[in-house]
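Enquirer: One structure is given below, represented as structure tokens, and several questions about it will come after.
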Amino acid sequence: MSVTFVSPALEKFEELDWPVRTDENWRFGSWKEANLSGLETVGTGTSGDLPEPLKGFDRLVFANRDLVSGSSDGAELVEGSFGPTSRLGSSKHAALHAAKSKHTLHIRSGTDLSLELIYFVSGEGLFLPGVVIEAEAGANIRVVKRFISIDDSAAVVVTATDVRTAENSKITCLVTQELNRNSKLIRFSDSTLEASSNAKLAVVHTGAKWVREETYSTVSGSDAKSEILSVTLPDTGQEYDQRTFQHHGARNTFSDLLFKNTLFGKATTIFSGLIFVDEGAHGTDAYQTCRNLMMTDECEAHSMPGLEINADDVKCSHGSTSSRVSDEEIFYLMARGITAKDARSLVAQGFSIEAIERLEDEQLETLAVEVVARKFAIVE
Amino acid sequence: MMNSETATVKKVAFEKDDVGNFSFPESHKFDAGYGLTKDTVDYISKVKDEPAWVNEFRHKALKTFESKPMPTNWATRDLENIDFDAIRYYLSDGAQPKRSWDEVPPEVLETFDRLGVPEQERAFLAGVEAQYDSEAAYSNVKEALADEGVIFVTCAEGLKEHEEIFRPWFGKVIPTGDNKFSALNSAVMSGGSFIYIPPGVKVKHPLQAYFRINSENFGQFERTLIIADEGSEVMYMEGCTAPKFETATLHSAVVELVAMKGAKIQYVTVQNWSSNVFNLVTKRGLAHEDAEIRWIDCNIGSRLTMKYPGVVMKGDRARGEVISIALANDGQHQDTGAKMIHAANNTTSNVISKSISVGEGRSTYRGQVHIPKHLKGCKNNTECDALLISTNSRTDTYPAISVKGNQHVTQHEASVSQVSEEMLFYMQQRGLSETQAMSLAVNGFINDLVEEFPMEYSVELKRLIDLEMEGSVG
């Protein structure tokens with residue numbers, strides 16, 4: 001007689017359905033790409049060439065699911081997934097993570113901590129990393145997280161991060177996604193901010209063929225400030241689908257979102273954002289901006305900037321634009337002896353850097369600019 | 001503070017509804033009864049003595065209506081409260097409208113008299129149609145215009161007597177299957193206008209339609225088609241009221257506009273249904289080369305309004321515009337917006353929406369801008385501003401902008417704010433009461449849009465808004 005034990009997480013995963021066309025959270029999105037049925041988790045991987053280390057940062061290196069080198073006083077591996085929740089459409093994927101992720105990296109500090117995480121991805125199949133970053137009162141944590149492919153296999157990365165800031169703490173996190181063009185990434189980025197804390201969460205996407213990213217930020221303490229930044233540079237054969245939610249659950253809270261997409265070739269981007277202000281969350285200050293820079297006549301950008309406001313004493317705004325590099329700017333640079341091609345590239349890189357500068361952290365900014373420049377070197 | 005505020009808002013809501021809050025006993029020669037079946041459709045076709053193709057069109061639409069789910073995957077669940085079996089789909093005294101007010105039955109005449117329609121017709125209108133429940137009671141256009149070839153008749157007359165102009169465009173701008181409610185309208189449509197403006201004719205004074213619901217549990221499904229031929233111009237205005245019944249009433253219209261090369265159509269709506277009406281309307285215009293279509297829309301009444309006027313810019317350099325004012329008070333949800341479909345080069349569209357939420361009112365902006373592949377020089381500008389008056393007021397914004405290619409410029413901006421304490425304080429310092437100050441601030445907020453309405457309407461609008469604002473300072 002055999003008894004099969006099914007965990008509640010696995011049961012939930014099996015109960016849920018993959019996204020379908022009529023799902024409002026998947027409007028304009030490639031819901032078919034999201035169907036991961038039949039995929040097995042990846043086995044052990046190999047390590048690649050390590051990038052130059054960041055000065056003053058502890059470094060942990062992962063090859064697929066295994067930690068292969070490095071250690072930090074502020075981080076430990078805990079068995080199993082922390083169980084991400086998805087409220088923006090990919091609950092099946094969140095359940096998948098909860099059911100099958102091997103371990104969670106738990107980062108916690110009450111003082112200053114700088115940590116660099118390198119994820120080398122290789123082989124075909126599912127890879128499900130998870131990270132919890134917890135800043136205790138008064139702490140200042142900086143985290144850099146890089147996803148780097150070391151072969152051309154079609155990997156599927158479903159990754160979840162949960163950021164929690166206690167009173168008067170600060171977390172700055174930069175994620176760079178440099179996967180190969182056959183891979184997919186589904187990313188959950190959740191954050192909860194207590195009073196007078198600050199979180200700056202930035203992401204740079206240059207790789208992968210398809211990315212779905214769900215960012216959910218809850219500002220639940222007064223005078224807390226949540227900043228969400230994104231720079232993407234998709235090219236032909238790449239589609240980035242980003243959904244965001246800025247949730248204001250307390251008085252006098254602040255959030256600011258800035259997404260900058262530069263689209264090359266036949267690239268597609270989708271942005272859907274919502275600022276949600278709870279009843280009674282007066283004194284909310286919330287902003288949301290998505291800008292698309294269209295570099296070719298074949299790229300395509302969809303923007304759905306949304307607001308749901310249930311309190312009257314608020315300042316909220318959103319803006320969304322799609323346009324190309326203006327002729328005047330090109331002309332100005334050409335008049336100074338720069339070729340048209342270089343001028344376009346220069347203006348476009350400046351466009352991305354505007355978001356990167358908001359990190360206000362020289363080391364992180366330098367890294368982000370490098371990743372952006374590498375993509376420009378390929379596309380232009 | 002809260003209690004007195006709620007009381008005043010209620011009083012104001014009552015006064016506002018009072019304009020149209022009266023009804024006469026029903027006396028219908030033709031009544032399709034409650035509920036919607038194939039027989040209802042056949043009954044309407046028979047009463048209206050319609051050609052076979054129209055009856056066939058209705059039956060097909062009924063099937064589409066039945067097969068489509070309620071769009072509650074994105075829209076409010078309040079839609080589920082509509083009981084299609086408890087609605088009467090056709091009530092009339094006969095399908096032939098009168099050409100003179102003298103021939104209109106006395107209670108109908110009194111209705112429109114109280115609403116000021118005949119008076120306005122004398123004062124500044126080029127033509128009027130007045131619809132009472134399912135059919136137009138009165139329809140007339142100034143002789144001089146008729147001599148120039150302007151056609152302004154009911155939709156039923158249009159499809160029978162002007163089939164050669166009517167049929168090629170009917171159902172082409174808004175296909176039956178566009179959404180559940182356009183299908184419903186196509187199945188049971190009755191009333192509405194057909195307008196044709198011949199090439200080069202510029203109609204100086206507006207044409208007006210007035211829609212009145214008099215009977216309880218009644219659904220009004222008028223259908224309007226306006227064709228402005230090459231280089232012509234027309235302004236069309238519609239107004240509407242209903243008495244406040246205990247039960248919910250449904251109004252589901254379809255309005256199609258066709259502006260041929262270089263033509264210009266302006267469509268003005270002042271919607272002041274009583275706050276038990278579900279107002280679910282599909283409106284869209286097709287603009288050919290160099291043509292311009294403007295929707296000027298004001299929503300003050302109804303329980304739930306869902307209306308997203310659209311322009312399909314099919315010809316080069318066509319222009320589309322939506323100017324929208326919405327005011328949501330207690331128990332109201334104004335879900336309005338705009339749809340701009342760019343389908344040719346160098347087309348431009350502009351959307352300006354301003355909403356005000358008072359008490360527990362909820363206003364929503366929903367927009368769509370679409371610029372497909374291989375076009376160049378398209379421009380869209382969208383601005384939506386929301387003003388929240390009370391602590392429990394609510395506002396949402398859900399735009400969707402799709403752009404393909406780098407030859408275009410689109411920009412979207414939205415903001416939410418309240419009337420600042422400083423502003424109110426400043427005005428009170430100068431001797432205005434708090435209410436006057438609030439009214440002034442709100443009127444200032446929408447002033448530039450109110451000016452887009454014809455003068456007679458903008459005066460009325462300001463008055464209605466003053467009434468809504470009375471004592472609602474929270």
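Here, each number is a calculation from the coordinates, and none is a lab measurement. These numbers were taken from a predicted model, which means no experiment stands behind them. Cβ sites come from the backbone with ideal geometry, for glycine too, and all protein chains shown count toward neighbours.
Enquirer: Which order do the peptides B:422-433, B:99-110 come out in when sorted by mean C-beta neighbours inside 10 angstrom, highest first?
Expert: B:99-110, B:422-433
Enquirer: Then there's this: Once every DSSP H run of n ≥ 4 in chain B is given -39500 (n - 2.57) and the sum is divided by its residues, what mean residue ellipticity at 222 nm do you get, rounded to the nearest 500 deg cm²/dmol?
Expert: Details: 12 runs with 126 residues, N = 474.
It comes out at -8000 deg cm²/dmol, rounded to the nearest 500.
Enquirer: Let me ask something else about it. Could you tell me how many cubic angstrom of Cα convex hull volume region B:36-112 has per residue?
Expert: On the way: hull volume 12.0 nm³, N = 77.
Considering the Cα atoms of region B:36-112, their hull volume per residue is 156 Å³.
Enquirer: Using a basic spin-label model with each label point 7 Å from the Cα along Cα→Cβ, how many nm lie between B:Asp102 and B:Asn447?
Expert: If labels sit at B:Asp102 and B:Asn447, their model points lie 4.8 nm apart.
Enquirer: How large is the dipole of region A:8-324 about the Cα centre if only Lys and Arg carry +1 and Asp and Glu carry -1, each at its Cβ, rounded to the nearest 20 debye? Working shown, then result.
Expert: On the way: 31 positive and 44 negative charges, 101 e Å.
My answer is approximately 480 debye.
Enquirer: Given the options B:Gly285, B:Ala318, B:Ser420, identify the residue whose Cα lies farthest towards the positive end of the charge dipole of region B:28-423 (+1 on Cβ of Lys, Arg; -1 on Cβ of Asp, Glu).
Expert: Checked the options; the winner is B:Ala318.
Enquirer: Here's something else I'd like to know. Ordered by residue, what ³J(HN,Hα) values in Hz, to whole numbers, does region A:189-202 give under the Karplus form 6.51 cos²θ - 1.76 cosθ + 1.60, where θ = phi - 60° and Gly and Pro are x?
Expert: My calculation for region A:189-202 gives 10, 10, 8, 10, 10, 8, 3, 6, 9, 9, 10, 10, 10, 10 Hz in order.
Enquirer: Here's another thing I want to ask about it. Treat the count of other C-beta atoms within 10 Å as a stand-in for reagent exposure and order A:Thr366, A:Thr218 from fewest to most. Kindly include the intermediate steps, with their values, before the conclusion.
Expert: Values: A:Thr366 11, A:Thr218 21.
Exposure proxy ranking, most exposed first: A:Thr366, A:Thr218.
Enquirer: A further question follows. Give the long-range amide H neighbours of B:Lys98: residues separated by 5 or more places, or on another chain, with amide H under 5 Å away, using H modelled in the peptide plane at 1.01 Å from N.
Expert: Close amide H contacts, sequence-distant or interchain: B:Tyr138, B:Ser139.
Enquirer: Using alpha-carbon positions, what is the distance between the centroids of region A:326-380 and region B:98-162, in Å?
Expert: 64 Å
Enquirer: Apply the Karplus curve 6.51 cos²θ - 1.76 cosθ + 1.60, θ = phi - 60°, to the phi angles in region B:123-135 and return the couplings in whole Hz, x for Gly and Pro.
Expert: Ordered by residue, 3J(HN,Hα) equals 6, 8, 9, 8, x, 9, 10, 10, 9, 10, 6, 7, 10 Hz.
Enquirer: Find the relative contact order for chain B and round it to a whole percent, using C-alpha pairs within less than 8 Å whose residues are 6+ positions apart.
Expert: Numbers: 1209 pairs, mean separation 52.9, N = 474.
Result for chain B is 11 percent.
Enquirer: Using a 10 Å cut-off around each Cβ of peptide B:416-425, what is the average number of partner chain Cβ atoms that fall inside? All intermediate terms of the calculation are to be shown ahead of the outcome.
Expert: Values: counts 14, 7, 6, 1, 1, 1, 0, 0, 0, 0.
So the per-residue partner count for this stretch is 3.
Enquirer: Could you go through region B:230-241 in sequence order and give the Karplus-derived ³J(HN,Hα) for each residue, using 6.51 cos²θ - 1.76 cosθ + 1.60 with θ = phi - 60°, rounded to whole Hz, and x for Gly and Pro?
Expert: 3, x, 8, 9, 8, 10, 10, 10, 10, x, 7, 8
Enquirer: Next question, about the same structure. Please say if region B:112-267 is rounded, prolate or oblate, where rounded means a/c under 1.5 for a ≥ b ≥ c the square roots of the C-alpha gyration tensor eigenvalues, and otherwise the choice is prolate for a/b larger than b/c and oblate otherwise?
Expert: Numbers: a/c = 2.11, a/b = 1.23, b/c = 1.72.
Note, shape of region B:112-267 comes out oblate.
Enquirer: Then there's this: Rounded to the nearest 0.05, what FRET efficiency do A:Leu10 and B:Lys29 have when you use their Cβ-Cβ distance and R0 = 45 Å? Write out the running numbers ahead of the final one.
Expert: Numbers: r = 67 Å, r/R0 = 1.49.
Rounded to the nearest 0.05, the efficiency is 0.10.
Enquirer: Looking only at Cα atoms, what is the convex hull volume of region B:306-387 per residue, in Å³? Could the numbers behind the result be given before it?
Expert: Values: hull volume 5.1 nm³, N = 82.
Spelled out: Cα convex hull of region B:306-387, divided by residues, is 62 Å³.
Enquirer: Sort all Cα-Cα distances of region A:8-324 into consecutive 10 angstrom bins from zero, then give the percent of pairs in each bin up to the one containing the longest distance.
Expert: Bins of 10 Å from zero give 6, 27, 36, 25, 6, 0 percent of pairs.
Enquirer: Let me ask you something else. For the residue pair A:Glu362 and B:Phe84, what label-to-label distance in nm results when each label sits 7 Å from Cα along the Cα-to-beta-carbon direction?
Expert: 6.8 nm
Enquirer: Oh, and also: Quick one: divide the alpha-carbon radius of gyration of chain B by 2.2 N^0.38 Å and tell me what you get. List each step's numbers first, then the result.
Expert: Details: Rg = 21.7 Å, N = 474, 2.2 N^0.38 = 22.9 Å.
Normalised Cα radius of gyration, chain B: 0.95.
Enquirer: Test of the criteria: in region B:181-278, which GluC sites (Glu not before Pro) are in a DSSP loop and have at most 12 other Cβ atoms within 10 angstrom of their Cβ?
Expert: On the way: sites: B:Glu216, B:Glu222, B:Glu230, B:Glu233, B:Glu238, B:Glu246, B:Glu256; in loops: B:Glu216, B:Glu222, B:Glu230, B:Glu246.
The qualifying sites are B:Glu246.
Enquirer: Based on DSSP H runs of at least 4 residues, each adding -39500 (n - 2.57), what is the mean residue ellipticity at 222 nm of chain A after dividing by all its residues, to the nearest 500 deg cm²/dmol? Don't skip to the answer; put the middle values down first.
Expert: Working: 5 runs with 61 residues, N = 380.
Estimated from H runs of four or more residues: -5000 deg cm²/dmol.
Enquirer: Considering only DSSP beta bridges where both residues belong to chain B, give the percentage that are antiparallel (nearest 5). Write out the running numbers ahead of the final one.
Expert: Working: 13 of 138 bridges.
Counting only bridges with both partners in chain B, antiparallel ones make up about 10 percent.
Enquirer: Next question. How crowded by other chains is B:364-377, given as the mean number of beta carbons from other chains within 10 Å of each beta carbon? Don't skip to the end; give the middle numbers.
Expert: Details: counts 2, 2, 1, 1, 1, 3, 1, 3, 1, 4, 2, 1, 1, 0.
Mean partner shielding for this stretch: 2.
Enquirer: Let me ask you something else. Evaluate the charge dipole of the protein assembly as shown about its Cα centre and quote only its size in Debye, nearest 20, assuming +1 on the Cβ of each Lys and Arg and -1 on the Cβ of each Asp and Glu. The partial results should precede the final answer.
Expert: Numbers: 86 positive and 123 negative charges, 362 e Å.
Charge dipole, the protein assembly as shown, about its Cα centre: 1740 debye, nearest 20.
Enquirer: Relative to the compact globular guide of 2.2 N^0.38 Å, what is the alpha carbon radius of gyration of region B:194-251, as a ratio? Don't skip to the answer; put the middle values down first.
Expert: Details: Rg = 15.6 Å, N = 58, 2.2 N^0.38 = 10.3 Å.
After normalising by residue count via 2.2 N^0.38 Å, the value is 1.52.
Enquirer: Compare the peptides B:56-69, A:291-304 by average per-residue count of other Cβ atoms within 10 angstrom and give them in order, highest first. Walk me through the numbers before you get to the answer.
Expert: Details: B:56-69: 16.6, A:291-304: 22.8.
Peptide ranking by packing, descending: A:291-304, B:56-69.
Enquirer: Still on this structure, I have one more. For region B:120-217, what proportion of DSSP beta bridges, expressed in % and rounded to the nearest 5, is antiparallel? Working shown, then result.
Expert: Numbers: 10 of 16 bridges.
In region B:120-217, DSSP labels about 60 percent of beta bridges as antiparallel.
Enquirer: Enter the mean number of other protein chain beta carbons within 10 Å of the beta carbon of each residue in B:383-392, as an integer.
Expert: Working: counts 0, 2, 1, 3, 1, 6, 1, 1, 7, 5.
Whole-number average of other-chain Cβ neighbours for B:383-392 is 3.
Enquirer: Separate question: Find the Rg to Rh ratio for the protein assembly as shown, where Rh is the Kirkwood radius over alpha-carbon pairs and Rg uses the same atoms.
Expert: Details: Rg = 29.9 Å, Rh = 29.3 Å.
Here the Rg-to-Rh quotient is 1.02.
Enquirer: Taking amide H positions as placed in the peptide plane 1.01 Å from N, state which residues far from A:Gly306 in sequence (5 or more) or on other chains have amide H under 5 Å from it.
Expert: A:Gly273, A:Leu274, A:Ile275
Enquirer: With the crude spin-label approximation of a point 7 Å out along Cα→Cβ, what separation in nm comes out for A:Ser47 versus A:Thr85?
Expert: Between A:Ser47 and A:Thr85, the simple spin-label model gives 3.9 nm.
Enquirer: Amide H of B:Lys264: which non-local residues (sequence gap of 5 or more, or other chain) have their own amide H closer than 5 Å, using H built in the peptide plane?
Expert: Long-range HN contacts for B:Lys264: B:Ser232, B:Glu233, B:Val234, B:Glu292.
Enquirer: Okay, next question. Comparing A:Phe271, A:Phe57, A:Phe147, which has the greatest mean-square fluctuation in the GNM of chain A with Cα pairs linked when under 10 Å apart?
Expert: It is A:Phe57.
Enquirer: Right, something else. Taking 8 Å as the Cα distance limit and 6 or more residues as the minimum spacing, I'd like the relative contact order of region A:8-324 as a percentage.
Expert: Details: 972 pairs, mean separation 33.6, N = 317.
Dividing the mean separation by the residue count of region A:8-324 yields 11 percent.
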